[in-house]
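Following: one structure in structure tokens, then a few remarks.
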Amino acid sequence: MNINTTKIISLLFFIFSAFYLYTAYQIQVFAFDENAPFNARTFPIYLGYAGLFFSGLKIILPEPNTIKVDHKNLEYKKTAILIVIAIIYGATILKVGYFLTTSLFLFSSYYFLGERRWVLMFLLSFPFVAAFMYLLHGVLDIYLRDPFLKSIGVMG
Amino acid sequence: MIEGILIGLTTALTLQNILMVMVGCFFGTIIGMLPGLGPMTAIALMIPITYGFDPATGLILMAGVYYGAVFGGSTSSILLNAPGVPGTVATSFDGYPMAQQGKAGKALAIAAWSSFAGGTLSAIYLLFMAPSLSKVSLSFRSPDYFALMILGLTAIAAFSSKGQFLKAMMMVVLGLMLASVGQDSLSDITRFTFDNMNLTDGISFVLVVMATFAMSEALTIILKRNDPTSAAKQVSLTELGSIKINKEERSKMYKTIPRSSIIGFLIGVLPGAGATIASFLAYGMERNVVNDEEKEKFGKGSVNGLSAPETANNAACSGSFVPMLTLGIPGSGTTAVMLGALLGFGVQPGPRLYMTNPEIFWSIIMSMYIGMVILLILNLPLIPYIARILAVPKNYLIPLILFFSVTGIYVMSFNNFDIYLMIGIAVVATFLRLYDFPMPPLILAFVLGGLMEENLRRSLLLSNGSWEFLWDRTLTLCILLTTILIVVWHFYKSIIRK
């Protein structure tokens, strides 16, 4: 049996399904529901077995087309930076506010992706977000929490 | 019926109502284009405005928004591979590859014409078949629904190319597993929440679709930036292409549209089924119907592959009005919102709607057709401008996609946890995509998960735990046999190829 990344992913899915199945059996149901033909754990149990079945088959059966990924050509660093920026964005959006965090997120993302046209970068972050905010908050009446704009008296 | 049509036309063709359809289509298109804001949000936003009008005008406005948002959703599917609604996921399978080949304008034109044709044909079906179709949809029981969902998920196997059936099935199971997180719909018992309150209501559809499509697409583009094959794609993305559809493409559409509109309409009539199943089934059926040469093009920018789901999802939109208007049972989430609005107007939908408020019933049907014409007139000339979104360089487009994704989740939940969860799912999805694990099966399974469990629950409780319900009814048996046929055919074809 040839071991490749697809098989390893299938093995991980097999382990995940086993864990899912174990957790499904741990779901607490009401006492009167325990022996019912269907209760809260029935469907998840079927799913757990289905996961084991399909991933098991994928591990056992030969792979007709092996997917080869050339890791040398992949931009792991930039992707990781973008993910970290997105996490920071997610962490600060509620506390700082939509306008400032979104604008800074866009500006820093453009920068880390290699953009250096500062005026365009600025226009497509701060004024763009302000216009988008107006569309959502002003026109469509969708509430946007923004402590920063509130603190400087721009938003009510 | 002629009298009804005339009543409908008289109501729908007033200046105010035509204006409402136009406004609805325009705003619907804009809102539908924004990933995360689909028809349901658009219609929900319109409800307070509609209360200022009479019921017929209010519903006409909402119907316009509905069609506009569905078309707008297709636009973001084609241009950004970011379907805002489940009904347009299948559109991205061939629409996005076509846009990557520099045919974005053409893909949008095909989508516009297919939507128009699908909507028009289904409005005609609705006109003549509404009374009898409501009877058919009433005959569907839980086992039939369960079998239909199994069929829908199995049809996904048809989407995956050679050697990917098991990968697709693993993604189906993963989608169903994600859908099982949260409270059980009947007993309210929490499952797989690990005492995290944020998971009690389950994982939202918008979150999963944003993570697996928009966000993971953006991350994949960055990850493969130095890949010679993806570099070629980046160059072609800046070419907008013509919106003209040539003779060969038109002849393909002529065959696809009628059969997809029938599937879309029939599926749309079934309460709860809606545009998603319709578009996936139409895509799967189209792939099985076309010749081997065309089949190879599926997933790589096939005209049939784009036209089929676009026709079907619009046809299903009209179809979903049948149970709502004649039975008072919404055919989709969107029509459920509209049902709420109708009740707010003091109109009780049901079989008596014909007699008590004929002007409402017929004017909605007539306005559907008018809405389709207006949508085409408004959107076709705008296609070159809409498609210019693609001309935005990747350095700007990728952060903007991430921004739309996070905003979609933020305005929905105001919750940091959902943003982290979305980023986590997107990272896993990006890794899975690298190894050709298909994402559409995961999405469809996620959408159908709750309904599937509900119908299995009812079926098993009614049959006292016996699985005989699968072959007790002829209809269920027929659907199941079709499913088995698809699986057997798939394996037979794989063996033949080997």
From the list A:A91, A:A80, A:A86, A:A130, exactly one residue is touching a helix residue (DSSP H, G or I) at 6+ places or on another chain (Cβ under 9 Å), of a type outside the set (V, I, T), more than 7 Å from every other protein chain (Cβ to nearest Cβ) and not in a loop (DSSP other than H, G, I, E, B). Which is it? A:A130
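Here are some residues: A:L123, A:L149. Which one is buried (at least 16 other Cβ atoms within 10 Å of the Cβ) and out of contact with any Pro (no Cβ under 7 Å at 6 or more places or on another chain)?
On the way: A:L123 fails: buried (at least 16 other Cβ atoms within 10 Å of the Cβ).
Every option except A:L149 fails the conditions.
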Those residues that are facing chain B (nearest Cβ under 7 Å) and among the aromatic types (F, W, Y), I need them from segment A:28-61; list them, please. A:F30, A:F38, A:F43, A:F54
Out of the residues in segment B:178-201 that are more than 13 Å from chain A (Cβ to nearest Cβ) and part of a loop (DSSP other than H, G, I, E, B), which is farthest from B:P441 (Cα to Cα)? B:N196
For residues that are buried (at least 24 other Cβ atoms within 10 Å of the Cβ) and of a type in the set (S, T, N, Q), scanning just segment B:273-303, find the one that is farthest from B:T120 (Cα to Cα). B:S302
When you check A:F54 against the structure, is it assigned by TED's automatic domain parsing to the domain that holds A:F14 and either surrounded by fewer than 16 Cβ atoms within 10 Å (Cβ to Cβ) or out of contact with any Gly (no Cβ under 8 Å at 6 or more places or on another chain) (or both), yes or no? yes
For residues in segment B:54-90 being assigned to a loop (DSSP other than H, G, I, E, B) and in contact with a helix residue (DSSP H, G or I) (Cβ under 7 Å, 6 or more places away or on another chain), which is surrounded by the most Cβ atoms within 10 Å (Cβ to Cβ)? B:G84
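Of the residues that sit in segment A:62-75 and are more than 7 Å from chain B (Cβ to nearest Cβ) and free of Cβ contacts under 8 Å to residues at least 12 places away in the same chain, which one is surrounded by the fewest Cβ atoms within 10 Å (Cβ to Cβ)?
In the first step, residues of segment A:62-75 are kept if they are more than 7 Å from chain B (Cβ to nearest Cβ); the result is A:62-63, A:66, A:68, A:70-72.
Restricting the remaining residues to those that are free of Cβ contacts under 8 Å to residues at least 12 places away in the same chain gives A:68, A:70-72.
Values: A:K68: 9, A:D70: 10, A:H71: 8, A:K72: 6.
Filtering first and then ranking leaves A:K72.
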Pairs returned, first residue in segment A:97-118 that is more than 14 Å from A:F148 (Cβ to Cβ), second residue that is in a helix (DSSP H, G or I) and among the charged types (D, E, K, R), beta-carbon separation under 7 angstrom, 6 or more apart or interchain, are A:F112/A:K78; A:L113/A:K78
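Within segment B:418-442, can you find the residues that are facing chain A (nearest Cβ under 9 Å) and either touching a Pro at 6+ places or on another chain (Cβ under 7 Å) or not in a loop (DSSP other than H, G, I, E, B) (or both)? Talk me through it step by step, then tell me what you get.
Just the residues of segment B:418-442 that are facing chain A (nearest Cβ under 9 Å), to begin with: B:418-420, B:422-423, B:426-427, B:430-432, B:434-437.
Answer for segment B:418-442, where residues must be facing chain A (nearest Cβ under 9 Å) and either touching a Pro at 6+ places or on another chain (Cβ under 7 Å) or not in a loop (DSSP other than H, G, I, E, B) (or both): B:D418, B:I419, B:Y420, B:M422, B:I423, B:A426, B:V427, B:T430, B:F431, B:L432, B:L434.
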Which one of these does A:L149 not meet: (1) of a type outside the set (D, E, K, R); (2) facing chain B (nearest Cβ under 10 Å); (3) in contact (Cβ under 8 Å) with a residue 40 or more places away in the chain? (2)
Test B:L456 against the stated conditions and say whether it is within 28 Å of A:T5 (Cβ to Cβ), within 11 Å of chain A (Cβ to nearest Cβ) and not small (G, A, S). no
Would you mind stating whether A:V119 is part of a loop (DSSP other than H, G, I, E, B) and over 20 Å from the mean Cα position of the chain (by Cα)? no
Any chance B:A429 is within 23 Å of the chain's Cα centre (by Cα) and at pLDDT 85 or above: yes
Tell me whether segment A:60-76 contains one or more residues that are farther than 16 Å from B:S180 by Cβ, assigned by TED's automatic domain parsing to the domain that holds A:F105 and touching a Phe, Trp or Tyr at 6+ places or on another chain (Cβ under 6 Å). no
If the requirement is being crowded, with 21+ Cβ neighbours inside 10 Å, at negative phi, without any contact (Cβ under 8 Å) to a residue 40 or more places away in the chain and not β-branched (V, I, T), which of these qualifies: B:Y410, B:Y420, B:Y435? B:Y410
Out of the residues in segment B:474-498 that are among the polar types (S, T, N, Q) and either at pLDDT below 70 or surrounded by 12 or more Cβ atoms within 10 Å (Cβ to Cβ) (or both), state the one that is farthest from the chain's Cα centre (by Cα). B:S494
Is there any pair with a first residue in segment A:19-39 that is in contact (Cβ under 8 Å) with a residue 24 or more places away in the chain and a second that is of a type in the set (S, T, Y) whose Cβ atoms are under 8 Å apart and which are 6 or more apart or on different chains, and what are they? A:L21/A:Y49
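The values are calculated or read from the model by the stated rules, or taken from the named source; none is laboratory data. None of these values were measured; they are calculated from a predicted model. Here the Cβ is made from the backbone with ideal geometry for all residues, glycine too, and neighbour counts use every protein chain on show.
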